[in-house]
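A.B. asks: This is the structure I have questions about; it appears just below.
Each value in this text was obtained by applying a stated rule to the coordinates, not by laboratory testing. Every value quoted in this text rests on a predicted model; they were computed, and no experiment measured them. All Cβ positions, glycine included, derive from the backbone under ideal geometry; neighbour counts span all protein chains shown.
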Amino acid sequence: MANQFAEWREAVITKVAELKRTDKKLKFFGAKTHKYSFNPPLSLEEADLFEKTHQIQLPPDYRFFITQIGNGGAGPYYGLRPLQDFNAHYIHHEVEPPAVYLQQPFPAHYWLNEAETRITRDMIQQSVFGTISICEEGDGYNHLLIAAGKETNNVWFDGSVTDQGMIPFSMPEKERFSFFDWYNSWLDLAYQELVQ
């Protein structure tokens, strides 16, 4: 695992640098925000403190990324959020910080804001349980990394701000995406579009 992550770090840094050289006018979606740059990484001690404070273990690929590559910055849509913004999506769920629900299991129920589905306030509020906001697409749509519950280590799409509901992030070829898969899917797409 350590070797795989070390190789991944090198690949991410190399490819993002190539994207930055190629997309000088920052035309790829979201690039004007993150500018293909990373925030400074968190120290291992800071990551340990976050885990201890919130009584969770960060998914290993995500923990590696924020401590060895960058705590936010270049990434899908408007970029990867720093860990300290983990609850940025709470506002769309009628949950006000400083309430924190990271250690409570994510309920992992699919739901869509359709006429036949009765969405309750409790359902909306509980859907933040065990989630870390890693990215915003814009207009309040978020990508969440699950940190507690049976969906731990998977990324979910949160479109509950409008009519999109909450569903696992997926593509036709893959039903579940870890942080590693999710980040690589963006990197590969950007690289294919801009470099190859």
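A.B. asks: Could you work out how far the C-alpha centroid of segment 1-78 sits from that of segment 124-158, in angstrom?
C.D. replies: Rounded to whole Å, the Cα centres lie 18 Å apart.
A.B. asks: Compute the signed sum of charges (Lys and Arg +1, Asp and Glu -1) over the other residues within less than 13 Å, Cβ to Cβ, of I134.
C.D. replies: Neighbourhood net charge equals -4.
A.B. asks: Rounded to two decimals, what ratio of Rg to Rh does the chain give with C-alpha atoms and a Kirkwood Rh?
C.D. replies: Working: Rg = 16.6 Å, Rh = 17.3 Å.
Ratio value, two decimals: 0.96.
A.B. asks: Please state the relative contact order of segment 2-194 as a whole percent: Cα pairs under 8 Å, 6+ residues apart?
C.D. replies: 19 percent
A.B. asks: Also, quick follow-up: Given a Förster distance of 41 Å, report the FRET efficiency between K52 and D139 from their Cβ-Cβ distance, rounded to the nearest 0.05.
C.D. replies: Numbers: r = 35 Å, r/R0 = 0.85.
With R0 = 41 Å, the Cβ-Cβ based efficiency is 0.75.
A.B. asks: Going Cα to Cα from K150, which lysines come in below 22 Å? Please leave out same-chain ones fewer than 8 positions away.
C.D. replies: Hits, sequence-local ones excluded: K52, K174.
A.B. asks: Follow-up. When all C-alpha to C-alpha distances in segment 18-66 are sorted into bins of 5 Å, what percent of pairs does each bin hold, rounded to whole numbers?
C.D. replies: In whole percents, the pair-distance histogram is 4, 18, 20, 13, 11, 13, 12, 6, 1.
A.B. asks: Pull up the cross-link candidates among the lysines for K32, meaning alpha carbon to alpha carbon under 19 Å and not fewer than 8 places away within one chain.
C.D. replies: K15, K20, K24
A.B. asks: Would you mind calculating the gained length between L44 and E193 on full extension (0.36 nm times residue separation, minus the Cα-Cα distance), in nm to one decimal?
C.D. replies: Value of the extension gain: 50.2 nm.
A.B. asks: Mean residue ellipticity at 222 nm from the helices of the chain, using -39,500 (n - 2.57) per DSSP H segment of n ≥ 4 over the full residue count, to the nearest 500 deg cm²/dmol?
C.D. replies: Counting only the DSSP helices, I get -10500 deg cm²/dmol.
A.B. asks: Compute the FRET efficiency between N3 and K25 as 1/(1 + (r/R0)^6), taking r as their Cβ-Cβ distance and R0 = 35 Å, and round to the nearest 0.05.
C.D. replies: With R0 = 35 Å, the Cβ-Cβ based efficiency is 0.45.
A.B. asks: Please turn the phi angles of segment 21-34 into ³J(HN,Hα) values with the Karplus equation 6.51 cos²θ - 1.76 cosθ + 1.60 (θ = phi - 60°), one per residue in order, whole Hz, x for glycine and proline.
C.D. replies: For segment 21-34, the Karplus-derived couplings read 5, 7, 9, 5, 8, 6, 8, 5, 3, x, 5, 5, 7, 8 Hz, x marking Gly and Pro.
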